[in-house]
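The values are calculated or read from the model by the stated rules, or taken from the named source; none is laboratory data. Fair warning: this is a prediction, and the values are worked out from it, not measured in the lab. Neighbour counts run over all protein chains shown; Cβ positions are idealised from the backbone, glycine included. Just the protein is used for accessible areas: all its heavy atoms, side chains included, with ligands, DNA and RNA removed. Shrake-Rupley method; radii C 1.70, N 1.55, O 1.52, S 1.80 Å.
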Amino acid sequence: ADAELLLDLDAQRSGGPGQPWAATAEEVASWTAVPTPVAAWEKWPGAGLGTYDGPLWYATTVKLDEAQAAQAATLDLGQVDDIDQTWLNGQPAGFTSGGWRERHYALAAGALKAGDNVVVVNVIDLWSYGGMYGDKPRQLRLADGTAIPLDGWRWLAVPQAQKYPPRAPWDGTGGVSILKNGMIAPMGPFAFAGTIWYQGESNVGRPYQ
């Protein structure tokens, strides 16, 4: 399973537009500007994402001086629907599953650098609206209390062939170990005379399918 996961990741890296998670400030500048940063991407005018479910790259750049860059910090991203994997300067910064959760990622001293710092977020939307949304602050909070807004977000599409990346086994939204250990394994000691099936609600908009 580990080997298959690595092969999938290699395929993504070789087939995509470079390595977006490690994009430079110059590369991010060539991405498309996010027209409405507080709205799901289905609501962006003219973006062609009105019915899109899947992953999308977001990125922005924040410039720091040496004193600021020497500090520990917290990366506040607000709410993201549904799953995010976030990088800072090409290094993983955090991962959260659940569109209702606000993202707050702690950055140790040394993670930041003087000059341009690039924040890249890969968002996976599983159904309905997707993306970074809401009016919670998106900012870099330095240890000295300074809050630097994260503005100027840009986005990059993901090739259709790479629509969904491998899911982490512990991912609360579809992770295989969470589902098995939390929902299947506990039934092992019991005998059953019958079952009742509840379809769920996440696909309520596709009854005929």
Worksheet item: Over segment 26-116, one equal point on each Cα, no solvent: what is log10 I(q)/I(0) by the Debye formula at q = 0.16, 0.18, 0.22, 0.23 Å⁻¹?
Response: -0.78, -0.95, -1.25, -1.31
Worksheet entry | Paired Rg and Dmax values of segment 29-69, which use every Cα atom, in angstrom | 14.2, 44
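At R0 = 22 Å, how high is the FRET efficiency between VAL176 and VAL204 if r is their beta carbon distance? Nearest 0.05 is fine. Write down the numbers at each step before the final one.
On the way: r = 24 Å, r/R0 = 1.09.
E(calc), rounded to 0.05, equals 0.40.
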Fill in: Mean separation of Cα contacts under 8 Å (6+ apart) over length of the chain, as relative contact order %
26
Worksheet, complete the sentence: At q = 0.22 Å⁻¹, the log10 of I(q)/I(0) for segment 116-166 from a Debye sum over equal Cα scatterers comes to -1.02
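Given a 1.4 angstrom probe, what's the average accessible area per residue across the chain, in square angstrom? Before the final figure, lay out the partial values.
Numbers: 12180 Å² over 209 residues.
Heavy-atom SASA per residue in the chain reads 58 Å².
Using a 1.4 angstrom probe on heavy atoms only, work out the carbon and sulfur share of the accessible area of the chain in %. Don't skip to the answer; put the middle values down first.
Working: 7010 of 12180 Å².
Result for the chain: 58 percent of the exposed heavy-atom area is carbon or sulfur.
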Worksheet item: At q = 0.16, 0.18 Å⁻¹, what is the log10 ratio I(q)/I(0) for the chain, with the Debye formula run over Cα points and no solvent?
Response: -1.13, -1.36
Item to complete: Using a 1.4 Å probe and ignoring any ligands, DNA or RNA, find the accessible area of ILE148 and quote it in Å² to the nearest 10.
Response: 30
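Loop only by DSSP, 16 or fewer other Cβ within 10 Å of the Cβ. Give me the chymotrypsin sites (Phe, Trp or Tyr not before Pro) in segment 91-173 that pass, ordered by residue number. Please report the intermediate quantities before stating the final value.
Values: sites: PHE95, TRP100, TYR105, TRP127, TYR129, TYR133, TRP153, TRP155, TRP170; in loops: TRP100, TRP127, TYR129, TRP153, TRP170.
Passing both the DSSP loop test and the Cβ count: TRP100, TRP127, TYR129, TRP170.
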